[in-house]
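Have a look at the structure below, then the notes.
The values are calculated or read from the model by the stated rules, or taken from the named source; none is laboratory data. Since this is a predicted model, take the numbers as computed values, not measurements. We place every Cβ from the backbone using ideal geometry, glycine too, and count neighbours over all the protein chains shown. Note: areas computed on protein heavy atoms with side chains; ligands, DNA, RNA excluded. Shrake-Rupley method; radii C 1.70, N 1.55, O 1.52, S 1.80 Å.
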Amino acid sequence: MSSRWLKGLNPEQGEAVLHNEGPLLILAGAGSGKTTVLVSRTGRLIDEGVASAKNILVLTFTNKAARELKHRVAAKLGPSAEGLWAGTFHSFGLSILKKHAEAAGLHPRFSIVDSTDCQSILKDLMKDVRITGKDRYDIDRLLNHVNDIRSGDAKKHEATDEYHELAEVLAPKFEKRLTLLGVVDFEALLLKPLELFKNHPDILEKVRKQFKQVMVDEFQDTNRLQMRLINTIVGEHLNLTVVGDDDQSIYGWRGAQVSNILNFPSGYKKCKVVKLERNYRSSASILELANQVIAKNQSRHGKILKPEGAAGLGEKPELFVLENEDEESDFVANELKRAHEAGFQWKDMAVLYRSNTQGGLIESALRKARIDYSISGGTSIFDRKEAKDVMSYLKAALSPNDVAFRRIMNVPSRGIGDTTLEKLIEFSKAKKVSFIEASKQWKDAEVHDKAGEGIESLFEWLKRLPTELVSGADTPGAHLLRILTEMGYRQEVMASGTQPGAGEKKWVVVEIVARILDSYVGKRSRTRETMKDFLDAMTLRDEPEGEGPKNEVSLMTLHASKGLEFPFVVLAGIEEDLLPHRSLGSDLDEERRLFYVGITRAKSKLVLCRCQTRKRHGAQKAVAPSRFILDLPPNLFTEYFGAFRPVSASERDNLVGSLLAKLQAKHQVESK
């Protein structure tokens, strides 16, 4: 019966699928077919009666992964697959709490609140705490500290930290407020079941008897709390199978503990370890580069990805060294067009980068080149609040509409509150005029004089804006930044961050929009019409019809690319301070793993690029290549200085031949 589940598997995959009892660690390298192994092992355990479907628990990190596993098992097994429990850690916790709400001290119809709700609760609680400078606390960071205290994971060195001190005061109040509201947050979906099991051993015993086989996907991403939950459920039967890749552990910044997978064999006696090292995704040249990158990390399970089924070595990865980020973004757009002309579909291609801020100029270059794209792993630069504010100002000045006008009406603050808005809305309805027209007639709408003066001031700015953008020696982008500063918008942005440096980061978004504007205008005539064309180009995006994946280039952060694959991949900004990142990359090993993840997304073609200078704080500054590139043997990639590849003799002959043929054909047409 096992043969049906082993069909098409390699020996190592088969070994993992045939494992029945005791702890098993499946080290699944990138592109090694881990999902197939999980599906086949789950199906075989049910098919051969080792465990019924209802006795198997599969914990995943996404609902999508859980749905795929259940669907594939059911497709082969039919009705006998019913009852299989596969889902995320949080959905598992929720199912336990729903079943035992009373024992967990919860209302039978308790609801769940998200992180935004939790932040609002914390803000409300802070009003009753006697502490100076409340506004300077970053609420998201404070919530993380509160959750660390609740889970018992607060670090010792944080005992004197001001955030930790405030969190210690707020944590019990926060718990009490959640209870009073009859709600649980995401953290409680893991904490409450553990508390339930501790207080009610009988319930824990029932859960352990039900789930005789426990499997965990993406094990390298588990945190301390999830590990405690796993150990509690497994108990003494130790039938625990974990699947993961320590080389792809890239979420330490949100609590993932790579030590969970590194220490698993020593933590579980008689643990069987199966390494899946055969890669079915990438060419040999790409894998050779990836293996050399990750080999520099010391704390890891030793494994080497081996190409399986890739025809020959494949194309050698390339590294392009460009002058600055403007040249880089144009290069990326041209590379994508060249690849498309060579036969790659747009959906075959991805551009990956370390930080969301890198995506802005690349996005602009793709828009100029009329290349359709989609963004994941962070919002488009034009979806950021500050970018939306700036675009709304430009629209309200150049192509006025009520939505844009209302967005910036009180940004920065002009004393225009909800009461004023309500009066103007009512007036526009009564007189059947636009909201903008109603605002111009604010006196007739009986708006207070102070608010009216604010409205008049706004109209003055909007009147000046188009003319000032296109006049003088400065670029339109420079004019835009100056005008926004003069009207007080910059001051408001800088003051809006609760954490040191947060305001500066928000203003960088505005500067990027200004630079994109300058890049777009370029050699075009500096007229009002050009400014309107810019708005149209940045706003209009035609969405292809039909279902299924859209034929678009994927733009995403390296973090967002994990688990995906593309025939053609561009890795942008391979420089010090970007990769590893100067402020986000405190864990050097994790930054190197992030680079490794990016490389192993590519199937047949990998292009890397870096700049020699990059704009920081308004000035071009020299930047160094990433240490991860400097660590590599130079024979693993081809390096080009500039945006072009040298043309080979045969390519040159082909180009000349093609040109001569076109000229000959044209001559024949003209001579007829």
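Computed from backbone phi with θ = phi - 60° and the Karplus coefficients 6.51, -1.76 and 1.60, the 3J(HN,Hα) list for the stretch 620-636 is 6, 10, 5, 10, 9, x, 4, 4, 5, 7, 5, 6, 8, x, x, 6, 7 Hz; x is used for glycine and proline. Estimated from the Cβ-Cβ distance and a Förster radius of 41 angstrom, the FRET efficiency linking ALA103 and ALA75 is about 0.65. Annotation: for a label point projected 7 angstrom from Cα along Cα→Cβ of SER376, residues of the stretch 78-102 with backbone N closer than 19 Å are 88. Note on TYR163/ILE425: beta-carbon distance plugged into 1/(1 + (r/R0)^6) with R0 of 35 Å gives a FRET efficiency of 0.25. For the stretch 406-535, the relative contact order is 19 percent, taking Cα pairs closer than 8 Å that sit 6 or more residues apart in sequence and dividing their mean separation by the residue count.
Label positions at LYS7 and ARG141, each projected 7 Å from the Cα along the C-beta direction, are separated by 5.7 nm. Average accessible surface for the chain: 49 Å² per residue, computed with a 1.4 Å probe over protein heavy atoms with every protein chain in place.
Each label was represented as a point 7 Å from its Cα along the Cα-to-Cβ direction; for ASP533 and GLU205 these points are 7.9 nm apart. Extension gain, GLU486 to ARG338: 0.36 nm times the residue separation minus the Cα-Cα distance gives 48.9 nm. Of the accessible area of the chain, computed with a 1.4 Å probe over protein heavy atoms only, carbon and sulfur atoms account for 50 percent. Taking 20 Å as the straight-line reach from the Cα of LYS423, the lysines in range (excluding those fewer than 8 positions away in the same chain) are LYS431, LYS432, LYS440, LYS443, LYS450. Hydrodynamic analysis of the stretch 180-315 uses the Kirkwood radius over alpha carbon pairs. Inserted into Stokes-Einstein at 37 °C and 0.692 mPa s, it gives a translational diffusion coefficient of 187 µm²/s.
Projected over every direction and averaged, the convex hull enclosing the alpha-carbon atoms of the stretch 53-135 yields 8.4 nm². For a straight C-alpha distance cut-off of 19 angstrom, the aspartates and glutamates reachable from LYS337 (same-chain residues fewer than eight places away being disregarded) are GLU315, GLU318, GLU325, ASP326, GLU327, GLU328, ASP348, GLU363, ASP372, ASP542, GLU552, GLU651. For the stretch 255-324, just say rounded, prolate or oblate: build the C-alpha gyration tensor, square-root its eigenvalues into a ≥ b ≥ c, call rounded for a/c under 1.5, and beyond that prolate if a/b exceeds b/c, oblate if not. Oblate, because a/c is 1.5 or more while a/b does not exceed b/c.
Distance distribution P(r), the stretch 444-493, all Cα-Cα pairs, bin width 5 angstrom from 0: 4, 19, 22, 20, 15, 9, 7, 3, 1 percent. Our estimate of slack between ASN297 and GLU68, defined as 0.36 nm per intervening residue step minus the Cα-Cα distance, is 79.2 nm. The amide H of PHE320, built 1.01 Å from its N in the peptide plane, has LEU608, CYS609, ARG610, TYR640 as neighbours under 5 Å, considering only residues 5 or more places off or on other chains.
Can you give me the relative contact order of the chain as a percent, contacts being Cα pairs under 8 Å and 6 or more apart? It rounds to 17 percent for the chain. What does a probe at SER95 reach in the stretch 224-243, counting residues whose amide N is under 15 Å from the point 7 Å along Cα→Cβ? Residues passing the 15 Å test: 230, 233-234. Working note: Karplus 6.51/-1.76/1.60 with θ = phi - 60° gives the stretch 270-278 the couplings 6, 6, 8, 10, 10, 9, 9, 10, 7 Hz, where Gly and Pro are set to x.
With R₀ fixed at 30 Å, the C-beta to C-beta distance from LYS523 to GLU456 puts the FRET efficiency at about 0.20. Packing, taken as the mean count of other beta carbons within 10 Å per residue, orders the peptides 79-88, 247-256 from highest to lowest as 247-256, 79-88. Bridgeable lysines around LYS275 (alpha carbons under 17 Å apart, same-chain partners fewer than 8 residues away excluded): LYS34, LYS303, LYS306. Computed across the chain, the Kirkwood hydrodynamic radius from all distinct Cα-Cα pairs reaches 28.9 Å. Peptides 38-50, 456-468, 91-103, ordered by how many other C-beta atoms sit within 10 Å of their residues on average, highest first, read 38-50, 91-103, 456-468. A cut-off of 5 Å between modelled amide H atoms, ignoring neighbours fewer than 5 places along the same chain, links ALA86 with VAL58. Screening the chain for whole DSSP H helices of 27 Å or more along their axis (Cα) with average Kyte-Doolittle hydropathy at least -0.5 returns 162-181, 449-470, 502-521, 649-671. A straight chain from HIS617 to ALA502 at 0.36 nm per residue would run longer than the Cα-Cα distance by 40.0 nm.
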